[in-house]
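Asks: Here it is: the structure, laid out below.
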Amino acid sequence: MKILTIIGARPQFIKAAIVSKKMKESNFISEIIVHTGQHFDLNMDKIFFDELSIPAPKYNLGINSVSHGEMTGRMIIEIEKIILLEKPDFVLVYGDTNSTLAGALAAKKLHMKIIHVEAGLRSFNMNMPEEINRILTDRISDILFCPTQTSVNNLVQEGYKNFGCEIVQNGDVMYDLALFMQKMNSVKEDDKKDSKKFVLCTIHREESTDNIKNLNSIFNALNRISREVDIFLPLHPRTKAKLKNNFNLNFKTHEPVGYFQMANLLANCSLVITDSGGLQKEAFFYKKNCVTIREQTEWQELINGGFNMLSGYDENDIYNSFREMISRTNNFNVDLYGNGNACQIIVNTLLRYNSQNSK
Ligand code: UDP
């Protein structure tokens, strides 16, 4: 069975790392990777391929640093050519970026079958480019792999049972990866009792960075928090560009870090503050509370369980959420993201399709 995988952004490299590994081990899937080029810096791209042994892309489209429309359009043009050339059995897309939507649209117009990993998530905020991408991708996908019960419920409520697609609740592939990292001893907890704790922070969403009012209140709040606890903030290139010459930070920032360093930061921090989708879950995997600087999240079960708090963008609300979450005690022994076999379920599902087709 031939799978054409479309990836282009950091969170997709991370998800593909563990899914590609399992597909390779299956011995019946041959995978061809297309890298759209959406993320391209050494520390946003190559470091993940090297550290996580992701198979090298056969195609790199080098499409980046242009508007949403131009980026998506140019990706569709190039992906269409590759699909016609490679004639895969399935096109596989991850998550909610422009690369996801472009891959799905190019495939659907050629009547190809589409697999969407991380389907069914909703923030219910249609101003977010990610929400547009994920809804449109879900609607034209054939197999929708859902990480959570909430994501399955969303699809059922939207009538997906009548759309002729298959919905599979497989769990979260990032949870599989977190478990794999722990098994490989790639994560070391600092057991020195007196070691200084810190808050791990990432900020990169359009709503946090392009809206100057939000950007100001977020970094004013972080300046305030940094007077009480150290902050480790690996700065996304988009945020770095926006902050440049605009803001005086009271604390030092860092370049984006690789996945091993990130896992160790997660294991050793006292709290996560973020606007990232993936990091909210990783905080939970590493048994850390989280403050999410957004008004909605597609990971609602974390809010319901008290593991995560949405602060919104007001400076005082961000600071107060930090105060609340840094001292909240939680029991993290609950299964929200499957049993660590999300990738195996993907492979088993494809195996079933393969044997049905060869009959
Ligand atoms: N990440 C990383 N290094 C960094 C910042 C983030 O490896 O300097 C990882 C993080 O652990 C998570 C993923 O990148 O697995 C999240 O990506 P991002 O926040 O860019 O995207 P989102 O999850 O919001 O789509």
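Asks: Expressed in nm to one decimal, what extension gain is obtained for the pair ASP50 and PHE260 from 0.36 nm per residue of sequence separation less their Cα-Cα distance? Mind showing how you got there, number by number?
Replies: On the way: separation 210, 0.36 × 210 = 75.60 nm, distance 1.11 nm.
Full extension from ASP50 to PHE260 adds 74.5 nm.
Asks: What percent does the relative contact order of the chain come to when contacts are Cα pairs within less than 8 Å and at least six residues apart?
Replies: Numbers: 649 pairs, mean separation 55.0, N = 359.
Contact order relative to length: 15 percent.
Asks: Using Cα centres only, tell me the gap between region 211-275 and region 298-359 in whole Å.
Replies: Here the two parts' Cα centres lie 22 Å apart.
Asks: What percentages, rounded to whole numbers, describe P(r) for region 189-326 computed over all alpha carbon pairs with 10 Å bin width beginning at zero?
Replies: Computed distribution, short to long bins: 12, 47, 35, 6, 0.
Asks: Also, quick follow-up: Under a Cβ-Cβ cut-off of 15 Å, what is the net charge of the residues other than GLY164 that fall near it, where Lys and Arg count +1 and Asp and Glu count -1?
Replies: Numbers: positive: LYS108, LYS113, ARG139, LYS161; negative: ASP138, ASP142, GLU158, GLU166.
Its environment carries a net charge of 0.
Asks: Restricting attention to region 209-255, which trypsin sites (Lys or Arg not before Pro) occupy a DSSP loop and are surrounded by at most 15 other Cβ atoms within 10 Å?
Replies: Values: sites: LYS213, ARG224, ARG227, ARG238, LYS240, LYS242, LYS244, LYS252; in loops: ARG227, LYS244, LYS252.
Qualifying residues, ordered by number: ARG227, LYS244, LYS252.
Asks: Then there's this: Give the value in nm², to one decimal: projected area of the alpha carbon convex hull of the chain, averaged over all directions. Walk me through the numbers on the way to the answer.
Replies: Working: hull surface 70.0 nm².
Averaged projected area of the chain's Cα convex hull equals 17.5 nm².
Asks: For region 24-119, what is the convex hull (Cα atoms) projected area averaged across all directions, in square nanometres? Please list the in-between numbers first.
Replies: Numbers: hull surface 26.2 nm².
With every direction weighted equally, the projected area is 6.5 nm².
Asks: What nm distance separates the two modelled labels at LEU249 and GLN182, each placed 7 Å from Cα along Cα→Cβ?
Replies: 3.0
Asks: Would you mind calculating the gained length between GLU86 and SER270 on full extension (0.36 nm times residue separation, minus the Cα-Cα distance), in nm to one decimal?
Replies: Answer, rounded to one decimal: 61.5 nm.
Asks: Among the listed pairs LYS15/LYS288; LYS113/LYS161; LYS81/LYS242, give every one whose C-alpha distance is greater than 26 Å. Could the numbers behind the result be given before it?
Replies: Numbers: LYS15/LYS288 21 Å; LYS113/LYS161 17 Å; LYS81/LYS242 36 Å.
The answer is LYS81/LYS242.
Asks: Excluding ligands, DNA and RNA, what is the solvent-accessible area per residue of the chain at a probe of 1.4 Å, expressed in Å²? It would help to have the intermediate numbers written out before the result.
Replies: On the way: 15640 Å² over 359 residues.
Per residue, the chain has an accessible area of 44 Å².
Asks: Which value in deg cm²/dmol, rounded to the nearest 500, describes the helix-derived mean residue ellipticity at 222 nm for the chain, given -39,500 (n - 2.57) per DSSP H run of n ≥ 4 and division by the residue count?
Replies: Values: 15 runs with 164 residues, N = 359.
Value at 222 nm, helices only: -14000 deg cm²/dmol.
The values are calculated or read from the model by the stated rules, or taken from the named source; none is laboratory data. No experiment lies behind these values; they were computed from the predicted model shown. Here Cβ is always computed from backbone atoms with ideal geometry, including for glycine, and neighbour counts include all displayed protein chains. Accessible surface areas use protein heavy atoms only, side chains included; no ligands, DNA or RNA. Shrake-Rupley method; radii C 1.70, N 1.55, O 1.52, S 1.80 Å.
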